[in-house]
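Okay, so here's the structure we're looking at.
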Amino acid sequence: MRTWCSTKALPACLALSAALFAAAYAAAHAADRAGAAGDAASYPNQPVKLLVATTAGGTADTLARAIGKHMSERWGQPIVVEQRVGANGMIASAQLKRAPADGYTVYLSLSSMVQNVLLQKEPGYALTDFAPVSQVAVFPIAAVLNGEVPANSIDEVLALAGRQPGKLSYGSYGIGSGGHIVGAGLAHQGKVDMVHVPYAGEAAGFPDLVSGRITLFYASLGFVAQQAEAGKVKLLAVASPARLRQFPDIPTFAEEGFEAVNLPGWSGFFMPRDTPRPIVEKFSAAVRDAVADPAIHQLIEGYGYVPVGNTPDEFQQVLRTDLQGWRRVIEASAIRLD
């Protein structure tokens with residue numbers, strides 16, 4: 001039998017084969033990149049499905065529709081909002097994981113996407129299953145005190161709780177929610193025993209705070225702002241990167257000495273992991289343009305949120321930082337869902 005390459009010439013033949021393989025590999029990837037760039041140039045050429053994990057009419061849903069409308073008007077393609085409510089966002093996340101990675105299914109998620117991974121044994125997804133697109137807004141979590149409680153700061157509340165172990169309570173908008181984690185983390189850091197009372201959302205728990213059935217409540221700032229201004233409750237601190245323009249006199253948890261629980265929530269867009277990068281970047285640029293629009297910017301601030309609008313790489317860094325921060329608080333506070 002004859003071979004195409006003699007033993008004596010084998011090293012040269014192997015080198016030639018390696019060079020040919022490398023050239024073919026490079027050409028294939030160049031073609032893939034060119035194809036992806038071409039897809040991005042015509043994207044979107046059909047309706048885009050936008051998943052939302054909250055009920056219709058809520059702040060996240062309203063924000064999704066406002067941003068979707070802004071993008072649809074510029075692209076000439078419908079952005080169709082689809083509710084996938086339940087399981088703290090895990091149902092919507094699982095659907096996004098299963099969706100084709102073509103840019104036609106996106107998810108406006110809340111920070112529960114990170115918290116689920118840390119709290120649930122089987123959330124049905126990993127953060128690596130998704131491509132971060134752009135963070136839309138930061139949701140400051142406020143510590144709100146019943147107006148009749150004789151305290152006016154976080155330290156004073158913790159002092160009261162220390163004198164009455166197990167007697168004071170704090171409410172949140174659900175087990176495993178950002179409010180629950182911040183509240184448990186603060187109690188742990190303050191070395192006090194407070195009872196957690198979970199509610200099915202902010203609207204369900206707030207009346208009990210006003211009536212005095214619970215002492216403290218952790219909720220999004222936009223939800224509690226009007227009640228605080230009416231004097232029915234006391235706004236003590238917010239989990240936020242900095243003091244808020246709307247409430248310049250309210251300190252952050254970090255300023256109060258509780259840096260570990262200064263963990264605000266957020267909303268942000270995700271696509272399936274293998275979505276072509278040019279499409280991810282095109283959608284991200286459109287989100288940033290929408291967030292910068294004066295009407296949407298005002299809408300976000302009206303909810304007590306902080307507009308962001310960042311790049312995929314910047315959002316990825318936010319996720320890494322959040323994962324570390326939430327994990328530290330959850331582990332230190334021994335938060336469990338059972």
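The values are calculated or read from the model by the stated rules, or taken from the named source; none is laboratory data. Here the structure is a predicted model, which means the values were calculated and not measured. FYI the Cβ positions are ideal-geometry reconstructions off the backbone, even for glycines, and counts take in every protein chain you see.
Would you point out the residue of region 210-223, among those that are over 19 Å from Ala239 (Cα atoms) and assigned to a helix (DSSP H, G or I), that is nearest to the chain's Cα centre (by Cα)? Steps first, answer last, please.
Just the residues of region 210-223 that are over 19 Å from Ala239 (Cα atoms), to begin with: 210-214.
After this cut, where a residue has to be assigned to a helix (DSSP H, G or I) as well, the list is 210-211.
Working: Val210: 29, Ser211: 31 Å.
This residue is Val210.
Ser134 - would you say it is hydroxyl-bearing (Ser, Thr, Tyr), in contact (Cβ under 8 Å) with a residue 60 or more places away in the chain, more than 30 Å from Asn45 (Cβ to Cβ) and surrounded by 20 or more Cβ atoms within 10 Å (Cβ to Cβ)? Here the answer is no, as Ser134 does not meet what is asked.
Among Gly176, Gly201, which is touching a residue at least 40 places away in the same chain (Cβ under 8 Å), at positive phi and out of contact with any strand residue (DSSP E or B) (no Cβ under 6 Å at 6 or more places or on another chain)?
On the way: Gly201 fails: touching a residue at least 40 places away in the same chain (Cβ under 8 Å).
After ruling out the rest, the residue left standing is Gly176.
Inside region 283-297, can you point out the residues that are out of contact with any Pro (no Cβ under 9 Å at 6 or more places or on another chain) and either of a type outside the set (A, V, I, L, M, F, W, C) or touching a residue at least 40 places away in the same chain (Cβ under 8 Å) (or both)? Result: Ala286, Val287, Arg288, Asp289, Ala290, Asp293, Pro294, Ala295. Ile181 falls short on exactly one of the conditions (1) in a strand (DSSP E or B); (2) in contact (Cβ under 8 Å) with a residue 40 or more places away in the chain; (3) of a type in the set (A, V, I, L, M), and that condition is (1). Taken together, the criteria exclude Gly147 from residues that are of a type in the set (Gly, Ala, Ser) and in the same structural domain as Pro307 (by TED's automatic domain parsing).
Every residue, every condition in (1) crowded, with 16+ Cβ neighbours inside 10 Å; (2) in a helix (DSSP H, G or I); (3) assigned by TED's automatic domain parsing to the domain that holds Thr321; (4) aromatic (Phe, Trp, Tyr), yes or no:
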position: Ile67; (1), (2), (3), (4): yes, yes, yes, no
position: Glu73; (1), (2), (3), (4): no, yes, yes, no
position: Val80; (1), (2), (3), (4): no, no, yes, no
position: Tyr107; (1), (2), (3), (4): yes, no, yes, yes
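For Leu319, the conditions (1) farther than 30 Å from Gln189 by Cα; (2) not assigned by TED's automatic domain parsing to the domain that holds Ala203 all hold with the exception of (1). Is it the case that region 143-157 has a residue that's in contact (Cβ under 8 Å) with a residue 24 or more places away in the chain and under 28 Å from Gln317 (Cα atoms)? Checked against the condition, which is being in contact (Cβ under 8 Å) with a residue 24 or more places away in the chain and under 28 Å from Gln317 (Cα atoms), region 143-157 yields at least one hit.
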